[in-house]
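Okay, so here's the structure we're looking at.
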Amino acid sequence: MTSQIKSFEDYQETYARSVADPEGFWAEQAETFTWRKPWRQSLKWNFREPRVKWFVGGRLNITENCLDRHLATRGNQVALLFEPNEKGARARKITYKQLYGLVCQFANALKAQGVKKGDRVCIYMPMTPELAVAVLACARIGAVHSVVFAGFSAISLADRIKDAQAKVVLTSDYNARGAKNIAVKAIVDEALALGCDSVEHVIVHQNTGGAVTMKAGRDIWWHEAVKGRRRTCKPTIVDSEDMLFILYTSGSTGKPKGVVHTHGGYMVYTEYTFRNVFQYQEGDIYWCTADIGWITGHSYIVYGPLLAGATSLMFEGVPTYPDAGRFWDIVQRHKVNIFYTAPTAIRALMAAGDQWVKGRRMSSLRVLGTVGEPINEEAWHWYNERVGKKRCPIVDTWWQTETGGIMITPLAGITPLKPCYATYPMPGIQPCLVDGNGNEIEGNDVEGMLCIKFPWPSILRTTYGDHERCRLTYFSTFKNKYFTGDGARRDANGLYRIIGRVDDVINVSGHRIGTAEVEDAINKAPNVVESAVVGYPHDIKGQGIFAYIISSEPVEDMAAFKSSVLNTVIRVIGPIAKPDKVLVVPGLPKTRSGKIMRRILRKIAEGDTSNLGDTSTLLNPEVVDTIKDGAQRI
Ligand code: WT7
């Protein structure tokens, strides 16, 4: 077990030590794990190429640390506590010993399908325990998992399968999510029809038992694949820097990139942050409401908690099914101690009214967490008062897919809180603010672009198949710094508040979406000539998507046009990217060099048209007034 910080003074001392000697600090934490071969050197790095290696020469398997290491001490403790979609359906409790057996058995099944170390396995599954088993089974044999959130469309799934050149796809028949029953396997079939030549086999978990078509020679049932397979499987011992997984995420330009994380550093950092941020105590019931399809689920449903030997609750459903009391019902029934969710869920449940929290026994709660987007004051206070009854610290955790683990955050009950502030950096994390000229902004009570000056163990290593893209996106904007894409403020006392993205990425309900991606999708709809997409403040989602569209034909039936655009976006990306507002415009404001002036479109979408700045230098200044009038009407 890595060390746990016990007081604010302890944090300050630990932080100072971690910055004075990061190599020594992380080596000390890393020593608490099972290594098959010790590392020669703690860290080797430069941000120029970039090239970062932690625990150089060390050999291990992360699942040996998640599972085998716990068998003697906590074999019969629940590792995964599964709450099904239907309220009242019996929860499934999987002990560490059972999870070990399931993971080993499925690892053996993967081997039998020809999966070898380094092969990529795409996982497109709903939130069932088998999803966690699938992830761990890949890691067990040194295969690289690429989980794709099961809400993405067939086209998005196909793009990711092709980019990773996945050999096998793991899926389920259906996804029972709230009142919906989504035909997941059918979406895989559709994706594979789009030319995913690398795929040899599809393994299908029978979840709801609904009808599916199986392609002979290619598809195999999960239960057939594991039949007769042994429940032990020696972990494949890999290098610290061997790839553990790829996870696709959106940026300002182009298609989503495959962020790559590796075994050694990711293991050390997720366990350390899990134990310290949430102040995990032996026996705690911990619940993170994210989906394993996102980084939050990877790091803080699967790896972090299991590495720490915790009981991790996994919920199949949605916060509002069958009603807006579902989360609180689960907290009460399973006596949840640590609860980690997203501001968008808090806002939605707050809007549903206090009656859903009232009358529920939630005295088990000790720590609350939030992640994914800036939380607003109102939601913070509601969470604190109504859910935490003013006795549970709220950890507002800032981090990203690329950082692998939590970077700036309070430590529950240990460091001071300030509403809407992520507050302090974790030990080993060296944040800084930079101005438009790339100069570091010193002192307090300042605002700038957030960068990190020194590597931490779970920093992304590359973007899959395109290292130059990784360099350009994160390491070229500011010399010798990792650029986060976020703007932040440092208050008079040095505490950090994350303001939001400064690039063309929008954050809808805590999901990262690139404006360029949405525009590409919209442009595929009938009669669309050109489009521009911006984010605007949305009460529940944090940001909504506003789409300005030029149509080749006069639009007579606006409702029909809008639904054709929405359906196209759903088909190309998925429901999470569908625009909230659609405005048909005669033109888009452009500079003389043809660049869309998004600043103007953003202001109009925000409803703030008082000061649009100088529009006289535009190629087509006359469109601005028409757009303004149109926006006022929707
Ligand atoms: C972006 C990363 C890793 C968590 C899930 C999202 C925003 C994340 C916070 C927070 C304000 C936050 C940032 C960041 N973000 N956490 N506590 N306060 N903003 O991961 O999809 O990679 O998105 O989410 O803008 O850059 P992601």
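The values are calculated or read from the model by the stated rules, or taken from the named source; none is laboratory data. Everything quoted here is computed from the prediction, not taken from an experiment. As a convention, Cβ positions derive from the backbone with ideal geometry for all residues, glycine included, and neighbour counts pool all protein chains shown. The protein model used for the area step is the full one, side chains on, heavy atoms only, and it has no ligands, DNA or RNA in it. Shrake-Rupley method; radii C 1.70, N 1.55, O 1.52, S 1.80 Å.
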Inset, instruction - Would you mind telling me which numbered condition in (1) of a type outside the set (Val, Ile, Thr); (2) in contact with a helix residue (DSSP H, G or I) (Cβ under 7 Å, 6 or more places away or on another chain); (3) within 16 Å of the ligand (Cβ to nearest atom); (4) open to solvent by 30 Å² or more (accessible area, probe 1.4 Å) residue 465 fails? - result: (3)
Inset, instruction - Restricting attention to region 553-573, report how many residues are surrounded by fewer than 15 Cβ atoms within 10 Å (Cβ to Cβ) and among the charged types (D, E, K, R). - result: 3
Inset, instruction - Taking residue 419 as meeting all but one of (1) open to solvent by 50 Å² or more (accessible area, probe 1.4 Å); (2) within 16 Å of the ligand (Cβ to nearest atom); (3) more than 25 Å from residue 261 (Cα to Cα); (4) not small (Gly, Ala, Ser), write down the number of the exception. - result: (1)
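Being within 15 Å of the ligand (Cβ to nearest atom), in a helix (DSSP H, G or I) and open to solvent by 10 Å² or more (accessible area, probe 1.4 Å) narrows it down to one of 477, 473, so name that one.
Details: 477 fails: in a helix (DSSP H, G or I).
Checking each option against the conditions leaves just 473.
Give region 541-552 a look and list any residue that's open to solvent by less than 50 Å² (accessible area, probe 1.4 Å) and either under 22 Å from the mean Cα position of the chain (by Cα) or within 26 Å of residue 256 (Cβ to Cβ) (or both), or say none. Outline the logic, then answer.
Taking region 541-552 and keeping what is open to solvent by less than 50 Å² (accessible area, probe 1.4 Å), we get 542, 544-551.
Selection gives 542, 544, 545, 546, 547, 548, 549, 550.
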Legend entry - Matching residues in region 200-235 - criterion: being touching a residue at least 40 places away in the same chain (Cβ under 8 Å) and either in contact with a strand residue (DSSP E or B) (Cβ under 8 Å, 6 or more places away or on another chain) or open to solvent by less than 40 Å² (accessible area, probe 1.4 Å) (or both): 200, 201, 203, 205, 207, 220, 222, 225, 226, 233, 235
Inset, instruction - Considering every residue within region 488-506, establish whether at least one is touching a strand residue (DSSP E or B) at 6+ places or on another chain (Cβ under 7 Å), more than 28 Å from residue 274 (Cα to Cα) and touching a residue at least 60 places away in the same chain (Cβ under 8 Å). - result: yes
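Name the residue that is nearest to residue 511 (Cα to Cα), counting only residues in region 540-560 that are assigned to a loop (DSSP other than H, G, I, E, B) and not aliphatic (A, V, I, L, M).
If we filter region 540-560 for residues that are assigned to a loop (DSSP other than H, G, I, E, B), which is where we start, we get 540-541, 552-557.
So of that shortlist, the ones also not aliphatic (A, V, I, L, M) come out as 541, 552-554, 556-557.
Working: 541: 9, 552: 31, 553: 33, 554: 34, 556: 33, 557: 31 Å.
Restricting to residues being assigned to a loop (DSSP other than H, G, I, E, B) and not aliphatic (A, V, I, L, M), the top hit is 541.
Pull up region 36-79, narrow it to residues that are of a type in the set (Phe, Trp, Tyr) and part of a strand (DSSP E or B), then point me to the one that is most open to solvent (accessible area, probe 1.4 Å). Full working, then the answer.
The initial filter retains those residues of region 36-79 that are of a type in the set (Phe, Trp, Tyr), namely 39, 45, 47, 54-55.
Add one more test, that the residue is part of a strand (DSSP E or B), and what stays is 45, 54-55.
Details: 45: 89, 54: 0, 55: 0 Å².
So, considering only residues that are of a type in the set (Phe, Trp, Tyr) and part of a strand (DSSP E or B), the one most open to solvent (accessible area, probe 1.4 Å) is 45.
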Legend entry - Near pairs, Cβ below 6 angstrom, 6+ apart or cross-chain, from region 530-552 (over 17 Å from residue 375 (Cβ atoms)) to any residue that is aliphatic (A, V, I, L, M) and at pLDDT below 95: 532/596
Legend entry - Index of the failed condition, residue 559 passing every other in (1) under 27 Å from the mean Cα position of the chain (by Cα); (2) free of Cβ contacts under 8 Å to residues at least 40 places away in the same chain: (1)
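So, in region 512-530, of the ones that are open to solvent by 10 Å² or more (accessible area, probe 1.4 Å) and within 14 Å of the ligand (Cβ to nearest atom), which residue ends up nearest to residue 407 (Cα to Cα)? Even if it seems obvious, please write down each step before you answer.
Taking region 512-530 first, the residues open to solvent by 10 Å² or more (accessible area, probe 1.4 Å) are 512, 516-517, 519-520, 523-524, 526-530.
Next, only the ones that are within 14 Å of the ligand (Cβ to nearest atom) stay: 512, 517.
On the way: 512: 18, 517: 27 Å.
Among them, the one singled out is 512.
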Inset, instruction - Return yes when residue 338 is away from the ligand (no atom under 11 Å from the Cβ) and open to solvent by less than 20 Å² (accessible area, probe 1.4 Å) and no when it is not. - result: yes
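What do you reckon, is residue 460 surrounded by fewer than 22 Cβ atoms within 10 Å (Cβ to Cβ) and either among the polar types (S, T, N, Q) or within 16 Å of the ligand (Cβ to nearest atom) (or both)? Break it down into steps so the answer makes sense when it comes.
Values: surrounded by fewer than 22 Cβ atoms within 10 Å (Cβ to Cβ): no; either among the polar types (S, T, N, Q) or within 16 Å of the ligand (Cβ to nearest atom) (or both): yes.
No; evaluated as a whole, the condition is false for this residue.
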Inset, instruction - Report yes if some residue within region 440-448 is away from the ligand (no atom under 11 Å from the Cβ), touching a helix residue (DSSP H, G or I) at 6+ places or on another chain (Cβ under 8 Å) and open to solvent by 30 Å² or more (accessible area, probe 1.4 Å); otherwise report no. - result: no
Legend entry - Members of region 461-487 found to be touching a residue at least 12 places away in the same chain (Cβ under 8 Å) and of a type in the set (Asp, Glu), listed by number: 466, 486
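Mind checking which residues of region 392-402 are within 16 Å of the chain's Cα centre (by Cα) and surrounded by fewer than 23 Cβ atoms within 10 Å (Cβ to Cβ)? First the steps, then the outcome.
Pass one, region 392-402, residues within 16 Å of the chain's Cα centre (by Cα): 396-402.
Listed by number, the residues that qualify are 400, 401.
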Legend entry - Test: residue 425 is under 20 Å from residue 338 (Cβ atoms) and either at pLDDT 95 or above or within 13 Å of the ligand (Cβ to nearest atom) (or both): no
Inset, instruction - For region 155-193, enumerate the residues that are closer than 25 Å to residue 469 by Cα and of a type outside the set (Lys, Arg). - result: 155, 156, 157, 158, 159, 161, 163, 164, 165, 166
Legend entry - Subset tally (residues that are closer than 19 Å to residue 248 by Cα and open to solvent by 20 Å² or more (accessible area, probe 1.4 Å)) for region 161-193: 6
Inset, instruction - Look at region 392-416 and say how many of its residues are more than 11 Å from the ligand (Cβ to nearest atom) and small (Gly, Ala, Ser). - result: 2
Legend entry - Matching residues in region 355-377 - criterion: being within 9 Å of the ligand (Cβ to nearest atom) and either assigned to a loop (DSSP other than H, G, I, E, B) or more than 23 Å from residue 542 (Cβ to Cβ) (or both): 372, 373, 374, 375
Inset, instruction - Quick one: in region 491-511, of everything that is open to solvent by 50 Å² or more (accessible area, probe 1.4 Å) and within 11 Å of the ligand (Cβ to nearest atom), which residue is farthest from residue 377 (Cα to Cα)? - result: 502
Inset, instruction - With the checklist (1) touching a residue at least 40 places away in the same chain (Cβ under 8 Å); (2) under 19 Å from residue 229 (Cβ atoms); (3) open to solvent by 20 Å² or more (accessible area, probe 1.4 Å) in hand, flag the one item residue 155 doesn't pass. - result: (2)
